[in-house]
Ligand code: ADP
C-alpha cells in the first residue's frame with residue numbers, strides 16, 4: 001500500500017468555500033498559544049505564544065511570513081496576554097481585519113460527559129465548562145478564563161469550544177467504566193474520558209486519506225507521543241479504547257507524568273511519607289515520568305544522556321518503550337486486526353529510536369519498522385514499515401490547530417462533527 005499524492009487526495013473542506021481564517025486559542029495555566037489558520041487550505045498564517053503569564057518576566061513570540069519576533073515583558077494575566085497577541089497582529093501582521101476572522105476556536109481540555117462535539121459558545125456553555133472544573137482543576141480554569149477574555153475582546157465573531165475529550169465520548173461502556181463501586185463512580189463522574197481526542201481523530205482520518213482508503217475500513221492504533229502522551233485504538237473511525245482516563249495522568253509514561261501506576265502507591269505515600277493530596281498530585285503529574293526517572297523530559301536531551309552512558313536515562317527509555325509496547329499489544333487484541341500503527345506528536349514524529357524500539361520484536365504480529373525508511377530525513381506523512389508486513393507503520397504529523405479550526409467551521413455551519421474524521 002502506498003501513499004496517495006497530495007494533489008490527488010480529495011479535500012472535503014474545499015467544498016466549504018472561502019471562510020476567511022480561524023483564530024485558534026489554547027490557554028494554559030501560565031501560557032496562551034494562538035494560531036491563525038486557513039481551515040480550507042490548512043496552512044498556519046501566523047502563530048504565537050505568550051509564556052510565563054503572571055510571572056515578573058513573560059515571553060511573547062509571534063511568527064508571521066517566516067519572521068519570528070520575540071519580546072520579554074510582564075504579562076499579568078490572560079486578558080493582557082490576549083491583548084498583547086492582538087497587538088502583535090496589528091503591529092507585525094497580518095492585520096486581523098484583513099485576515100477576515102470567521103471564528104475563534106478554543107481548545108478546552110475537559111468536556112466531561114456533556115460535550116461530544118464542538119459547540120458554539122454562549123453564556124450557558126461557559127457556565128457548563130466552568131462546572132467541569134472539579135474534573136480538570138489543572139486545565140479547565142485557564143480554558144474558561146481564555147474564553148471569557150476572548151469573547152470580550154473579539155465580540156463580533158462566533159467562538160467555538162473544541163474539547164480534548166469529545167472524540168472519546170464514543171468509547172464503549174466496557175472501555176470507559178472503571179471497576180469501582182458504581183454508586184460512587186456515578187455520583188462523582190468517575191470514568192475514563194480520554195484526552196488528545198482532536199489529535200487522535202485527526203490522525204485516524206489522515207491515515208485513511210493519505211492511503212486513499214475509507215476510515216470506516218481501517219483499524220488503527222494511534223500513538224500520540226508529545227510531552228503528554230496517549231494511545232488509542234480506533235476501529236472504523238470510532239475509538240474503542242484510549243490510555244488516558246479521568247484525567248490525562250493515566251496510561252503511557254510521559255514527559256513528567258507517571259502514567260499507569262498501582263493506585264495503592266498513593267495510599268502508601270500518604271501513610272508512610274506523610275505526603276498530602278496536593279503534593280501527591282504534583283509528584284505524579286509534574287515530577288514523574290521521564291523527568292522523575294532521568295532528570296530530563298525532553299527526548300533530545302535524553303538521547304544525549306544515553307549516548308554519554310547515563311544509566312538512569314537508559315532505564316527511563318526502556319520503561320517508556322515497555323509501557324508503549326504493552327499498549328500496542330493490548331490494542332491489537334481489542335482490534336483483532338491492526339491495519340496501521342500511526343506515530344504522531346513531538347516524540348512520535350521525530351524520535352527514530354522510540355519508533356524502532358516500540359516495534360522491535362513484533363514481527364510475529366505483522367508489525368515492523370524498516371530501518372532505512374525510519375531514519376530517512378523526511379517530514380510529512382510517511383510509511384516506515386517494510387513492504388512485507390500486514391500492518392503499516394506510519395508517521396503522521398498531527399495538526400491540532402487545523403483540526404480545531406475545521407471543527408469550528410463545522411460547528412458554526414451545523415455540520416455533523418463525525419464528518420471530520422474523514423478529513424485532514
Ligand atoms: P506537547 O504538545 O505535549 O507539549 P509536543 O508534541 O510538542 O508536546 O512534543 C514535545 C516533545 O517532543 C519534547 O518534549 C521532546 O521530548 C520531543 N521532541 C521534539 N522534537 C524532537 C526531536 N527532534 N527528537 C526527539 N524528540 C523530540
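Annotations
- All positions within segment 147-199 that are part of a helix (DSSP H, G or I), within 25 Å of the chain's Cα centre (by Cα) and more than 19 Å from residue 229 (Cα to Cα): 147, 148, 149, 150, 151, 170, 173, 174
- Residue count, segment 331-358 (criterion: under 21 Å from the mean Cα position of the chain (by Cα), without any contact (Cβ under 8 Å) to a residue 60 or more places away in the chain and more than 16 Å from the ligand (Cβ to nearest atom)): 0
- Per-region count, segment 375-399, residues farther than 19 Å from residue 5 by Cβ and either in contact with a strand residue (DSSP E or B) (Cβ under 8 Å, 6 or more places away or on another chain) or within 11 Å of the ligand (Cβ to nearest atom) (or both): 4
- Residues of segment 278-299 satisfying the condition of being away from the ligand (no atom under 14 Å from the Cβ) and either touching a strand residue (DSSP E or B) at 6+ places or on another chain (Cβ under 9 Å) or in a helix (DSSP H, G or I) (or both): 278, 279, 280, 281, 282, 283, 284, 292
- Among the residues examined, residue 178 does not qualify as closer than 22 Å to residue 285 by Cα, buried (at least 22 other Cβ atoms within 10 Å of the Cβ), touching a residue at least 60 places away in the same chain (Cβ under 8 Å) and more than 16 Å from the ligand (Cβ to nearest atom).
- Pairs, first under 13 Å from residue 201 (Cβ atoms) in segment 227-250, second assigned to a loop (DSSP other than H, G, I, E, B), C-beta under 6 Å, six or more apart: 230/196; 230/243; 230/244; 230/251; 239/171; 242/194
- Entry remark, segment 98-129: residues being over 17 Å from the mean Cα position of the chain (by Cα) and outside any loop (DSSP other than H, G, I, E, B) number 15 in total.
- Within segment 376-400, if we keep just the residues that are in contact with a helix residue (DSSP H, G or I) (Cβ under 9 Å, 6 or more places away or on another chain) and over 19 Å from residue 224 (Cα atoms), the residue that is surrounded by the fewest Cβ atoms within 10 Å (Cβ to Cβ) turns out to be 390.
- Search result, residues across segment 359-375 that are buried (at least 18 other Cβ atoms within 10 Å of the Cβ) and free of Cβ contacts under 8 Å to residues at least 24 places away in the same chain: 370, 374
- Considering the conditions (1) more than 16 Å from the ligand (Cβ to nearest atom); (2) part of a helix (DSSP H, G or I); (3) buried (at least 23 other Cβ atoms within 10 Å of the Cβ), residue 234 is excluded by exactly one of them, (2).
- Hey, residue 302 part of a loop (DSSP other than H, G, I, E, B), within 15 Å of the ligand (Cβ to nearest atom) and in contact (Cβ under 8 Å) with a residue 12 or more places away in the chain or not: no
- Qualifying residue in segment 64-74 (condition: surrounded by 16 or more Cβ atoms within 10 Å (Cβ to Cβ), modelled with pLDDT of 95 or more and either in a strand (DSSP E or B) or touching a helix residue (DSSP H, G or I) at 6+ places or on another chain (Cβ under 6 Å) (or both)): yes
- Scoring residue 275 on the criteria (1) within 14 Å of the ligand (Cβ to nearest atom); (2) farther than 22 Å from residue 330 by Cβ leaves a single failure, condition (1).
- Taken together, the residues in segment 202-231 that are more than 16 Å from the ligand (Cβ to nearest atom) and either part of a strand (DSSP E or B) or on the phi < 0 side of the Ramachandran plot (or both) amount to 16.
- Residue 403 vs. criteria within 30 Å of residue 122 (Cα to Cα) and within 16 Å of the ligand (Cβ to nearest atom): yes
The values are calculated or read from the model by the stated rules, or taken from the named source; none is laboratory data. Small disclaimer: the values here were computed from a predicted structure and weren't measured. Because the Cβ atoms are built from the backbone with ideal geometry, glycine has one as well, and the counts that use them run over all protein chains shown.
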